[in-house]
Amino acid sequence: MRLQDARRDYYRNLAHEQGFRSRSAYKLKELNQSYRLIGPGFYVLDLGCAPGGWTQIAVKLSGNKGKVMGVDLSYVEEISGAHLMRGNIEDESILDEILEYFGRKVNAVICDLSPQVSGNWTVDHAKQISLNYDCTKIMDKVLMHKGNAVFKIFDGQYSMEFRDFIKKKFARINLTKPPASRKQSSELYCVCLGYTG
Ligand SMILES: C[S@@+](CC[C@H](N)C(=O)[O-])C[C@H]1O[C@@H](n2cnc3c(N)ncnc32)[C@H](O)[C@@H]1O
């Protein structure tokens, strides 16, 4: 078995053993260890949450004083401690339910969106970045001053343009790849700390 495959299996097995719905859960866990995006009592909005690994981690990190909501196009099985909504993040009318659920601005917006991939990288990359811009429209309405965010990025020709766009909204940003993200995948994570608007 190649080392990469062994590592992939390692996270998949760990997710299975520890009751997480996706191996992606460990990406958020590792990002949080490095950047403390989410802490106890945080209100967290998870955009593109299915099957729910990040939502599960967000519930654990924010604890019983926190509030977590996950949104996805797909149905997500109930997660104790989280409010789940089936909806399209391209449709700004989902904001009503988000604002109603939290009742105040949130501490963190976490986005792990992937479009239905077509196999044409240029198209898939452009669509994924476009979903991130849609997330920022929601984020601008719900994230509190000094709040945090993270965006998955399919790395390609528009990545730096998105990075420059988001950089203007935060005190600090960093493009990173957590160990749980497969080396051969072209995804990166843009960690954004200290929202300034
Ligand atoms: C990689 S998965 C997220 C995995 C998740 N973070 C976890 O740990 O389980 C990406 C998700 O983005 C969702 N998605 C893609 N486009 C969307 C849209 N327009 N609105 C809502 N969700 C969307 C997909 O349905 C998919 O479930």
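Do you know which residues across the stretch 48-66 are of a type in the set (Lys, Arg) and either assigned to a helix (DSSP H, G or I) or closer than 27 Å to Ile129 by Cβ (or both)?
First pass over the stretch 48-66, keeping only residues of a type in the set (Lys, Arg): 60, 65.
Listed by number, the list holds a single entry, Lys60.
Table: residues versus (1) surrounded by fewer than 20 Cβ atoms within 10 Å (Cβ to Cβ); (2) assigned to a loop (DSSP other than H, G, I, E, B); (3) charged (D, E, K, R).
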residue: Asn13; (1), (2), (3): yes, no, no
residue: His16; (1), (2), (3): yes, no, no
residue: Phe20; (1), (2), (3): no, yes, no
residue: Lys27; (1), (2), (3): no, no, yes
residue: Pro40; (1), (2), (3): yes, yes, no
residue: Asp46; (1), (2), (3): no, no, yes
residue: Ser74; (1), (2), (3): yes, yes, no
residue: Glu77; (1), (2), (3): yes, yes, yes
Of (1) part of a helix (DSSP H, G or I); (2) at pLDDT 95 or above; (3) not aromatic (Phe, Trp, Tyr), Asp9 fails just (2)
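Take Val117 and tell me if it is among the β-branched types (Val, Ile, Thr) and either surrounded by 18 or more Cβ atoms within 10 Å (Cβ to Cβ) or within 12 Å of the ligand (Cβ to nearest atom) (or both).
On the way: among the β-branched types (Val, Ile, Thr): yes; either surrounded by 18 or more Cβ atoms within 10 Å (Cβ to Cβ) or within 12 Å of the ligand (Cβ to nearest atom) (or both): yes.
So Val117 fits the description; yes.
Criterion first (of a type in the set (Asp, Glu) and more than 24 Å from Lys137 (Cβ to Cβ)) does Glu90 satisfy it?
Details: of a type in the set (Asp, Glu): yes; more than 24 Å from Lys137 (Cβ to Cβ): no.
No.
Does Ile89 count as on the phi < 0 side of the Ramachandran plot, of a type in the set (A, V, I, L, M), more than 8 Å from the ligand (Cβ to nearest atom) and not in a strand (DSSP E or B)?
Values: on the phi < 0 side of the Ramachandran plot: yes; of a type in the set (A, V, I, L, M): yes; more than 8 Å from the ligand (Cβ to nearest atom): no; not in a strand (DSSP E or B): yes.
No, not satisfied.
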Verdict on Met69 being within 11 Å of the ligand (Cβ to nearest atom) and in a strand (DSSP E or B) = no
What tally of residues in the stretch 97-133 results from selecting those that are of a type outside the set (Ser, Thr, Tyr), assigned to a helix (DSSP H, G or I) and within 17 Å of Tyr43 (Cα to Cα)?
-> 5
Extreme residue, surrounded by the most Cβ atoms within 10 Å (Cβ to Cβ), among residues of the stretch 139-196 that are over 14 Å from the mean Cα position of the chain (by Cα) and among the polar types (S, T, N, Q) | Ser159
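Let's see how each residue does on (1) on the phi < 0 side of the Ramachandran plot; (2) within 13 Å of the ligand (Cβ to nearest atom):
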| residue | (1), (2) |
| --- | --- |
| Phe20 | yes, yes |
| Phe42 | yes, no |
| Gly52 | no, yes |
| Thr55 | yes, yes |
| Leu61 | yes, no |
| Asn64 | yes, no |
| Leu73 | yes, yes |
| Ser80 | yes, no |
| Ile98 | yes, yes |
Out of (1) without any contact (Cβ under 8 Å) to a residue 40 or more places away in the chain; (2) under 25 Å from Val59 (Cβ atoms); (3) in contact with a Lys or Arg (Cβ under 8 Å, 6 or more places away or on another chain), the odd one out for Leu99 is which?
-> (1)
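The values are calculated or read from the model by the stated rules, or taken from the named source; none is laboratory data. Quick caveat, the model's predicted, so the values are computed rather than measured. Every residue, glycine as well, gets a Cβ built from its backbone with ideal geometry; the counts of neighbours run over all protein chains shown.
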